[in-house]
Every structure is written in structure tokens, then in C-alpha cells.
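First comes the structure, then the notes that go with it.
Bear in mind these aren't lab numbers, they're just calculated from the coordinates by the rules spelled out. Model, not experiment: these values are computed from the prediction. FYI the Cβ positions are ideal-geometry reconstructions off the backbone, even for glycines, and counts take in every protein chain you see.
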């Protein structure tokens with residue numbers, strides 16, 4: 001308790017630290033994230049030997065503390081990432097975008113990608129592997145992928161290209177066998193992948209655009225980054241991206257991020273199960289549209305007969321080509337008419353609901369899910385999204401029921417415990433709230449938030465556990 005009091009963060013100190021961080025990096029801490037900021041500051045203060053956060057602030061701004069602000073920003077900018085995160089994005093890249101670029105740039109043979117906020121490098125390496133999967137004769141192309149981040153420690157790890165085995169859970173066997181080499185207790189990316197990528201430190205808010213080293217980009221990846229910025233800072237960054245993206249090029253954002261009320265310069269396109277922003281080509285104009293239905297029909301680039309990743313599957317299919325098909329009895333009454341539109345997939349419905357929630361259109365999110373998904377098709381994620389929309393729309397009774405249904409379907413859903421506790425706290429049911437915060441803390445320790453639980457991407461699991469404990473201590477005093 002003494003250490004906790006030693007590094008308390010009263011409101012005036014929170015304001016000046018959050019202002020310092022925002023001005024230096026664009027990263028924004030709202031008041032409800034004060035505990036996350038306090039925890040990071042306390043760790044850095046302990047390392048440099050400051051006795052309290054007031055003295056740490058003075059140290060950061062002193063000549064003696066030169067370089068400490070950079071180290072603090074590195075500490076605050078650490079993000080969990082993984083290979084091929086958000087699979088629909090990489091399926092769109094593999095099946096549509098790279099083949100399209102290969103056809104349109106067959107004479108120029110030049111591809112440029114920028115992964116902004118790349119952390120320890122899994123994203124740019126995933127892009128490189130996807131390009132090598134599809135592009136015909138990649139050695140005859142000029143391919144450059146730039147990975148940038150604030151965190152120099154993370155960038156050094158990225159440049160090394162070595163990852164422990166547990167970091168490769170999302171890498172399939174084909175990619176592991178083709179692009180990685182065993183080394184010690186993990187794997188290192190091979191030279192054919194690493195040579196495509198350059199890593200460098202870059203501040204999206206303060207540094208010039210990397211046009212001198214990259215030129216115009218065919219695609220920019222900036223996923224789960226602008227959620228840490230204020231609206232004005234995010235708008236500034238998004239507009240800068242527009243200047244570096246080639247006409248017809250793409251902007252990949254995190255699935256909880258949207259340009260709603262931020263920019264009308266981009267068009268929104270749906271490619272398979274992914275929603276991606278695109279810079280219009282000359283004469284096309286800026287409008288919001290979802291026209292790309294060519295994913296399933298798009299061919300591969302000239303000179304490529306097979307997607308290398310699917311070669312094994314094609315061989316199995318060819319080996320069975322001569323076998324007679326079993327007779328099937330037609331069931332006309334169950335067949336959909338050719339011109340009858342297929343119902344939306346549950347994943348697309350949930351993706352659209354997330355967009356509505358991020359825009360503050362909570363009623364639309366609820367209506368969309370209720371109309372598009374039958375109760376039998378609802379899963380834990382669906383009920384969580386319903387609960388989140390009801391909670392933000394100030395409908396606590398409905399939110400409580402939805403979160404409990406989500407937990408009935410998935411007892412390991414740590415975020416649902418946390419939001420249920422918050423609803424109960426707001427309703428004044430403090431003993432029940434304490435119980436659910438306790439459940440949330442235990443669950444966060446055993447089951448860190450999953451990829452789709454975007455509400456918690458600003459927190460790490462340890463900060464969430466500490467937040468739950470502090471909530472319990474506070475509520476016990478009032479209960």
C-alpha cells in the first residue's frame with residue numbers, strides 16, 4: 001500500500017503527464033485510462049529512482065533526464081501483435097489486392113507497403129510472406145516494405161526476425177516450412193523474406209512522411225493505432241496517409257477503427273469478409289461504396305497458374321477428379337432461387353455492428369443483430385456486442401442480460417465479466433459488482449482478452465487485473 005500511495009497520480013499530475021505524452025507522440029489517455037498511465041509511470045519512476053511521480057515529471061523534463069521521454073513513450077507504445085492478425089485482411093490481400101496490383105503494374109514491377117505501428121514486426125513479415133505466396137517471379141520485382149514504430153526496442157527485435165515458438169501459433173505449416181528456419185528455441189525468418197523489409201523509428205505525428213525511402217505506397221497498414229489518438233490527431237495522421245498512398249491504393253485499419261466523421265477522402269470497399277479503405281483513382285471521386293464482389297472470381301497474376309499455398313489442395317482435388325460423383329436427389333423446395341440474395345454471414349453482421357457501435361449508433365447495432373441473426377445463430381460474441389451496445393445506450397437491464405448470456409455460452413469471456421461488473425456498479429449493486437470484478441480479474445489472469453475484444457486494446461492483462469483489484473478495494477469501502 002505504501003508503494004501505491006508513493007506513486008499516486010492526482011488529477012493535476014494526470015493532466016500534465018497526459019498532455020506531455022499526447023504532444024510528444026499523439027497517444028491520448030482519457031480519464032478512464034488514468035490507471036494504465038499511472039502504472040506505466042510508476043514503473044519508469046522506479047527504474048530511474050524517482051521517489052514520486054511529481055519528481056519523475058521534473059526528471060523527464062530536465063537536462064539530466066534526456067532520453068527518458070523516449071523510453072517512457074516506448075513503454076507506453078508496447079502492443080501485442082501476432083502473425084496474420086485479422087485473417088480477412090490477409091485473405092483480401094492474397095486473393096484480390098496483390099493479383100490486382102500484379103496485373104496493373106506488370107510493366108512497372110514495383111510494389112511498396114508501409115506498416116505503421118508495426119511493433120515487433122509480425123505484420124510486415126506477414127505482408128511479405130503473402131506477397132511471395134502470390135507474386136509471379138518476385139525476384140524480378142522491386143518490392144519494399146517499411147515497418148515503423150515509436151519503440152526502438154521492439155524494432156530491434158523485429159529486425160532480428162527471430163520469434164519463440166509460442167509466437168508462431170497463427171502461422172500455418174506451409175508458411176512455417178517455406179519461410180522460417182529453426183534456430184535455438186524458436187524460428188527465424190529466411191533471407192528471402194527479410195530482405196524485402198526495412199525497419200525504422202518513426203513518429204506519425206511529428207516526423208516527415210517516409211517518401212524519400214519509400215515513395216508512393218500501394219497499401220498502408222495502420223491497424224489498432226489511431227484508437228490511441230484524439231479525433232483531431234487521428235484525422236491529421238489519416239490525411240497524411242492520403243498524401244503517400246498511390247491512387248487506387250489501400251488503407252488497412254483495425255476492425256474497431258473507422259473514418260466516420262474523420263475523412264471523406266477515402267472510399268470504403270468490402271473485399272470478402274474485410275472492410276478496407278481505398279484512395280480513389282483520378283476521376284473516380286470520393287464516396288462511400290462497397291462494390292468489390294470480384295474476390296471469388298479474381299484470377300491470379302499473369303504467369304501464375306496456382307496459388308502456392310493451395311498447391312497441395314489442388315493436387316488432392318486433381319487426384320480425385322476421375323472418381324464418379326455420388327448421385328444427389330434434388331430438393332427444389334429447399335433450394336434458394338438464383339436471384340434471391342444470400343443472407344448476410346454472421347461475421348459480416350457482427351463487423352457491421354462493431355462499426356455502428358464505434359460511431360455511437362447503438363440502436364442501429366442492436367437492430368442489425370436482432371434482425372439479421374436468429375437466436376439460434378447467436379454466439380458469445382454476438383451477445384457481447386449486444387450488451388456493449390445496450391450499455392452504451394444507457395439500457396443497463398438489457399446489457400446485464402446480454403452479458404450474462406454471453407458468459408453462459410463462454411465462461412472464459414473475460415471482457416463480459418468486466419462489463420457486467422461495470423453495469424452492476426452503475427446500478428448501485430455493489431456486492432454483485434465486487435463479485436463480477438473478482439471474476440473478471442481471475443479471468444483476465446487465465447484468459448487474456450481475445451482478438452475481437454477491441455474495447456480492451458489500450459490495456460494489457462496485468463493492468464486490467466490491477467484495475468479490477470482497485471475497483472474491488474474502492475467498492476468495499478462503499479458497500
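Brief remarks on what is shown
- Judged by the gyration tensor of its Cα atoms, with axes a ≥ b ≥ c, region 74-233 is oblate; a/c meets the 1.5 cut and b/c is at least as large as a/b.
- Normalising the average separation of contacting C-alpha pairs (under 8 angstrom, six or more residues apart) by the number of residues puts the relative contact order of region 11-70 at 21 percent.
- Rounded, prolate or oblate (a/c below 1.5 giving rounded, otherwise prolate when a/b exceeds b/c) for region 2-76 by Cα gyration tensor: oblate
- Listed peptides 363-370, 108-115 by packing density, highest first (mean Cβ within 10 Å): 108-115, 363-370
- Each peptide among 120-129, 463-472 gets the average number of other Cβ atoms lying within 10 Å of its residues, and from highest to lowest they stand as 120-129, 463-472.
- Sites residue 109 and residue 446 - FRET efficiency at Förster radius 45 Å, r taken between beta-carbons, to 0.05: 0.35
- Histogram of C-alpha separations across region 48-101, 10 Å bin width, %: 20, 27, 14, 15, 17, 7
- Highest-first arrangement of 10-16, 414-420, 242-248, 146-152, where packing means the average Cβ count within 10 Å: 414-420, 146-152, 242-248, 10-16
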